[in-house]
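Novice: Pasting a structure here, questions to come.
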Amino acid sequence: MLTLAACVRAVLVPTLVLLAVGPAFAQVITSGPASCPGVALTFDLCPVRGGSGYDQRLVDYLIEHRIAATFFMSGTWMAKHDDRVKELLTVPFFEVGTHGQVHAHLPAHSSESQKQEILGPVALLRTKYNRQAPLFRPPYGEYNTETVDLVKALGLRFVLWSVVSGDPDPALSAAQIETRLSRLTKQGSIIVMHANGKGAHTYDVVTRLHEHLLPQRHLTPMTVSEVLSCQPPAP
């Protein structure tokens, strides 16, 4: 099981593997087109110890205001939250991706072990929920060349982020997170947050984004797929 500290490390601690360059790593998606008048709000659903593991108030707000979002679900989380998975899948302006089976550190594993970690939730979504999930986000944002090659071979799209909210960090206030997002968010951004109940200020930050920052910048919330296929507005 993933602890809160591990969740914080997942979004705040850069890893050497993220610095790798070369043709294979060009397949790793961090943002949409700079001309896109929208941003992707993404929420990781990694397993946690204690608590409900689900931010119902946040999800209700997104639904009430018809805010498009993408949720990256781990297999372990899905197994414990069947009703929540079904809820997310019924919302037409939500999309789902996967986030590994047990939230493992992929570069520490063999190619075959990585494959099983990647495929676990993909298979579960297909067999139990009849849903294809082509978007994959690696646990902790960690990967190596084997990870990238595997994701491509499996026909998945490798999605990271361009803006780190830091929402699981208990040391960050809502105002500090909002300041960070205000500084970094731009056209085509992919923002990473959490919907597993461990973001103390995620709900407040999302409401501020929706009611102030995004309208002020004429940015529309979109799913990751919408941002990646986004066309600039007509002149």
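The values are calculated or read from the model by the stated rules, or taken from the named source; none is laboratory data. Since this is a predicted model, take the numbers as computed values, not measurements. Glycine also receives a Cβ, built like all others from the backbone with ideal geometry; neighbour counts cover every protein chain displayed.
Novice: Does segment 204-227 hold any residues that are touching an Asp or Glu at 6+ places or on another chain (Cβ under 8 Å) and either small (Gly, Ala, Ser) or over 14 Å from ALA69 (Cα atoms) (or both), and which are they?
Specialist: Within segment 204-227, VAL205, ARG208, LEU213, SER225 meet the criteria.
Novice: Restricting segment 38-60 to residues that are touching a strand residue (DSSP E or B) at 6+ places or on another chain (Cβ under 6 Å) and not polar (S, T, N, Q), which is nearest to ASP82 (Cα to Cα)? Quick ask: steps written out before the conclusion?
Specialist: Just the residues of segment 38-60 that are touching a strand residue (DSSP E or B) at 6+ places or on another chain (Cβ under 6 Å), to begin with: 38-45.
In the following step, the residues that additionally are not polar (S, T, N, Q) were identified as 38-41, 43-45.
Numbers: GLY38: 31, VAL39: 28, ALA40: 25, LEU41: 23, PHE43: 17, ASP44: 16, LEU45: 13 Å.
Out of the qualifying residues, it is LEU45.
Novice: Could you list, ordered by first residue, the pairs with Cβ atoms under 8 Å in which the first is in segment 170-194 and without any contact (Cβ under 8 Å) to a residue 40 or more places away in the chain and buried (at least 21 other Cβ atoms within 10 Å of the Cβ) and the second is among the hydrophobic types (A, V, I, L, M, F, W, C) and not in a helix (DSSP H, G or I), at least 6 apart or interchain?
Specialist: Sorted first by the residue in segment 170-194, then by its partner, the pairs are LEU181/VAL163; LEU181/ILE191.
Novice: For segment 79-110, what are the residues that are of a type in the set (D, E, K, R) and either crowded, with 23+ Cβ neighbours inside 10 Å or under 15 Å from ALA133 (Cβ atoms) (or both)?
Specialist: LYS86, GLU95
Novice: Still on this structure, I have one more. Checking the structure you have, find out if any residue of segment 157-168 is modelled with pLDDT of 95 or more, buried (at least 22 other Cβ atoms within 10 Å of the Cβ), in a helix (DSSP H, G or I) and more than 12 Å from the chain's Cα centre (by Cα).
Specialist: No.
Novice: Tell me, which residue of segment 57-66 that is surrounded by fewer than 22 Cβ atoms within 10 Å (Cβ to Cβ) and touching a residue at least 12 places away in the same chain (Cβ under 8 Å) is farthest from GLY38 (Cα to Cα)? Step through it out loud before you land on a result.
Specialist: At the first step, the residues of segment 57-66 found to be surrounded by fewer than 22 Cβ atoms within 10 Å (Cβ to Cβ) are 57, 59-61, 63-66.
Add one more test, that the residue is touching a residue at least 12 places away in the same chain (Cβ under 8 Å), and what stays is 57, 59, 61, 63, 65-66.
Working: ARG57: 24, VAL59: 20, TYR61: 19, ILE63: 18, HIS65: 16, ARG66: 15 Å.
Among those residues, the one meeting the criterion is ARG57.
Results for (1) within 21 Å of SER52 (Cβ to Cβ); (2) touching a Ser or Thr at 6+ places or on another chain (Cβ under 7 Å); (3) not basic (Lys, Arg), shown as yes or no for each residue.
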{"position": "MET78", "(1), (2), (3)": "yes, no, yes"}
{"position": "THR147", "(1), (2), (3)": "no, no, yes"}
{"position": "LEU156", "(1), (2), (3)": "no, no, yes"}
{"position": "GLN187", "(1), (2), (3)": "no, yes, yes"}
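Novice: Only one of CYS46, CYS36 is within 15 Å of the chain's Cα centre (by Cα) and crowded, with 24+ Cβ neighbours inside 10 Å; which?
Specialist: The unique qualifying residue is CYS46.
Novice: On the given criteria, is ARG131 in contact (Cβ under 8 Å) with a residue 24 or more places away in the chain, surrounded by fewer than 21 Cβ atoms within 10 Å (Cβ to Cβ), basic (Lys, Arg) and touching a strand residue (DSSP E or B) at 6+ places or on another chain (Cβ under 8 Å)?
Specialist: For ARG131, the condition - in contact (Cβ under 8 Å) with a residue 24 or more places away in the chain, surrounded by fewer than 21 Cβ atoms within 10 Å (Cβ to Cβ), basic (Lys, Arg) and touching a strand residue (DSSP E or B) at 6+ places or on another chain (Cβ under 8 Å) - is met.
Novice: I'd like the full set of residues that are under 24 Å from TRP161 (Cα atoms), in a helix (DSSP H, G or I) and not polar (S, T, N, Q), limited to segment 61-83. Steps first, answer last, please.
Specialist: Of the residues in segment 61-83, the ones under 24 Å from TRP161 (Cα atoms) are 61-63, 65-78.
Those left that are additionally in a helix (DSSP H, G or I): 61-63, 75-78.
Hits for segment 61-83 are TYR61, LEU62, ILE63, GLY75, TRP77, MET78.
Novice: Of the residues ASP167, ASP149, only one is in contact with a Gly (Cβ under 6 Å, 6 or more places away or on another chain), charged (D, E, K, R) and touching a residue at least 12 places away in the same chain (Cβ under 8 Å); which?
Specialist: The match here is ASP167.
Novice: Return only the number of the condition from (1) free of Cβ contacts under 8 Å to residues at least 24 places away in the same chain; (2) of a type in the set (S, T, N, Q); (3) under 25 Å from ALA68 (Cβ atoms) that SER110 does not satisfy.
Specialist: Looking at each condition in turn, SER110 falls short on (3).
Novice: Sticking with this one: Go through the residues of segment 130-138 one by one and say whether even a single one is modelled with pLDDT of 95 or more, in a helix (DSSP H, G or I) and closer than 17 Å to GLY97 by Cα.
Specialist: Looking through segment 130-138, none of the residues is modelled with pLDDT of 95 or more, in a helix (DSSP H, G or I) and closer than 17 Å to GLY97 by Cα.
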